[in-house]
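Presented below is the structure to which this report refers.
The values are calculated or read from the model by the stated rules, or taken from the named source; none is laboratory data. Not measured: the values here are computed from a predicted model. As a convention, Cβ positions derive from the backbone with ideal geometry for all residues, glycine included, and neighbour counts pool all protein chains shown. Calculation scope for accessible area: heavy atoms of the full protein, side chains included, ligands and nucleic acids excluded. Shrake-Rupley method; radii C 1.70, N 1.55, O 1.52, S 1.80 Å.
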Amino acid sequence: MRSARVWAGLLGVEQAVVEGVEFDPVESVVVARVRVRKGASRRCPHCGRRCARYDAGVRRRWRALDVGVVRAVVEADAPRVSCPEHQVVVAAVPWARHGAGHTRAFDATVAWLAVHTAKSAVSRLMRVGWRTVGAIVARVWADTGGCEDRFDGLRRIGIDEVSYKKGHRYLTVVVDHDTGRLVWAAPGKSAATLQAFFDLLGPDRAAAITHVSADGADWISTVVRRRCPNAVRCADPFHVVAWATDAVDRVRRQVWNEAIGRGAGRRGVAVGAARQVKNTRWALWKNPQNLTDAQQATLAWIAKTHPRLHRAWALKEGLRLVFTLAKTSPPAAVEALDRWIGWARRSRIDVFVDLQRRVSRHRDAILASIEHGLSNGRIESVNAKIRLITRMAFGFHSPDALIALAMLSLGGHRPQLPRR
């Protein structure tokens, strides 16, 4: 085998002829001078059409995978061509994407490492900048995501939002319930953001969606009702129970305010008793089977000293029981839900009276969740992995880089190492 072919294999340059290799001692880099083979030359980078040469362009370099411990670059002429459709553009080269400064093999290796390890480690190992890693990931995803129809066969979806940065920065995510894949994500948390997904999906495919699970956010319900009128809307049980948990905490704060004399009652209870009320939070939040002995004692103390707060806790557990029954007996769960609504309505606890109105407003979606056994469990799992990706990367300057990495990691199109 000739040395030129060996170097072509080492550097990952395809459809190219290696004319020479030398070591630059000033920059401490191996420079491989190559030229594109005749059959692959003068191609438009957008449509692949063979075009007339416009001018000689300039001499360019592309970063290649290191040769041992030494950096390597590929150097070649980059002439411009005149495409009938895309006008004057730089001719495509087979070893790199258009506009990229790295070879395809280099891009693939960086993308694979970014999916499996921390962004800072990738930056140091590959000797590229932090932002360059994000740009390469976005470039690889743009190339990978266009090769397959992500929305093909989409029938049951879950919609949620996840925080990715301080200052109320959110991503809206859509997950396929049947495959568990992340199919779409975009920065923002609004009806306009979700509308963009359905615009991309198209009316025919939107009409084919049969089930949509989400929390009770009005902006999600409004868009889904308008764009997927035939879909069954399922309320996520976790979020419904979280409404009740939040209501219990609001009652706890009311009781605490009264205990320290700042509430409406101003009963002037001792500071020690007020501190006891403040420290009941975890006993009220946790499921009964998970309570420690001390927390069970705290709950018994609440039942004796603060019956209204204990009644609020019982209402929370009653709503949780609805979804526990749904796993074994959906008809019993429906009956329990109706009884809970009546109980909360008569509870004389203003927070839970408001909550039962909210539950009644979403009753159809809650019943659909009970009937079809659909929740946002898959979506919450994907959200947790997106948060992990963010932490491993120590944050992202741009949501586009985070979305690209999340799609590569969770969208079913994980990058492969070159020649593996």
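Identify, please: which residue in segment 191-206 is touching a Ser or Thr at 6+ places or on another chain (Cβ under 8 Å) and more than 12 Å from Phe151 (Cα to Cα) and is, among those, surrounded by the fewest Cβ atoms within 10 Å (Cβ to Cβ)?
Among those that are touching a Ser or Thr at 6+ places or on another chain (Cβ under 8 Å) and more than 12 Å from Phe151 (Cα to Cα), it is Ala191.
Answer yes if at least one residue in segment 230-239 is surrounded by 18 or more Cβ atoms within 10 Å (Cβ to Cβ), in contact with a Cys (Cβ under 9 Å, 6 or more places away or on another chain) and of a type in the set (Val, Ile, Thr), and no otherwise.
No, segment 230-239 has no match at all.
Any idea which of (1) within 30 Å of Thr117 (Cβ to Cβ); (2) of a type in the set (Ser, Thr, Tyr); (3) open to solvent by less than 10 Å² (accessible area, probe 1.4 Å) is the one Ser347 doesn't satisfy?
Failing condition for Ser347: (1).
Kindly list, by first and then second residue, each pair from a residue in segment 319-335 that is within 20 Å of Ser347 (Cα to Cα) to a residue that is acidic (Asp, Glu), limited to pairs with Cβ atoms under 8 Å and residues at least 6 apart or on different chains.
none
Given (1) in contact (Cβ under 8 Å) with a residue 60 or more places away in the chain; (2) under 19 Å from Pro307 (Cα atoms); (3) in contact with a Lys or Arg (Cβ under 8 Å, 6 or more places away or on another chain); (4) of a type outside the set (Lys, Arg), identify the lone condition not met by Phe352.
Every condition holds for Phe352 apart from (3).
Just one of Ala196, Ala138 is part of a helix (DSSP H, G or I) and closer than 14 Å to Met407 by Cβ; which is it?
Exactly one of Ala196, Ala138 is part of a helix (DSSP H, G or I) and closer than 14 Å to Met407 by Cβ, namely Ala138.
Give Glu22, Glu75 a once-over and let me know the one that is touching a strand residue (DSSP E or B) at 6+ places or on another chain (Cβ under 9 Å), among the acidic types (Asp, Glu) and either without any contact (Cβ under 8 Å) to a residue 12 or more places away in the chain or assigned to a helix (DSSP H, G or I) (or both).
On the way: Glu75 fails: either without any contact (Cβ under 8 Å) to a residue 12 or more places away in the chain or assigned to a helix (DSSP H, G or I) (or both).
From the options Glu22, Glu75, the qualifying one is Glu22.
Regarding segment 207-229, can at least one residue be identified that is buried (at least 16 other Cβ atoms within 10 Å of the Cβ), in contact with a Gly (Cβ under 6 Å, 6 or more places away or on another chain), farther than 30 Å from Leu309 by Cα and not acidic (Asp, Glu)?
So far as segment 207-229 goes, yes, one or more of its residues are buried (at least 16 other Cβ atoms within 10 Å of the Cβ), in contact with a Gly (Cβ under 6 Å, 6 or more places away or on another chain), farther than 30 Å from Leu309 by Cα and not acidic (Asp, Glu).
Could you tell me which residue of segment 136-182 is least open to solvent (accessible area, probe 1.4 Å), considering only residues that are of a type in the set (Gly, Ala, Ser) and modelled with pLDDT under 85?
Only one residue tops the list, namely Gly145.
So Arg104 ticks every box in (1) closer than 23 Å to Arg420 by Cβ; (2) open to solvent by 40 Å² or more (accessible area, probe 1.4 Å); (3) of a type in the set (D, E, K, R); (4) out of contact with any Phe, Trp or Tyr (no Cβ under 7 Å at 6 or more places or on another chain) but one. Which box is left unticked?
Here Arg104 clears every test but (4).
Somewhere in segment 49-66, is a residue outside any strand (DSSP E or B) and either open to solvent by less than 60 Å² (accessible area, probe 1.4 Å) or basic (Lys, Arg) (or both)?
Yes; the residues of segment 49-66 include at least one that is outside any strand (DSSP E or B) and either open to solvent by less than 60 Å² (accessible area, probe 1.4 Å) or basic (Lys, Arg) (or both).
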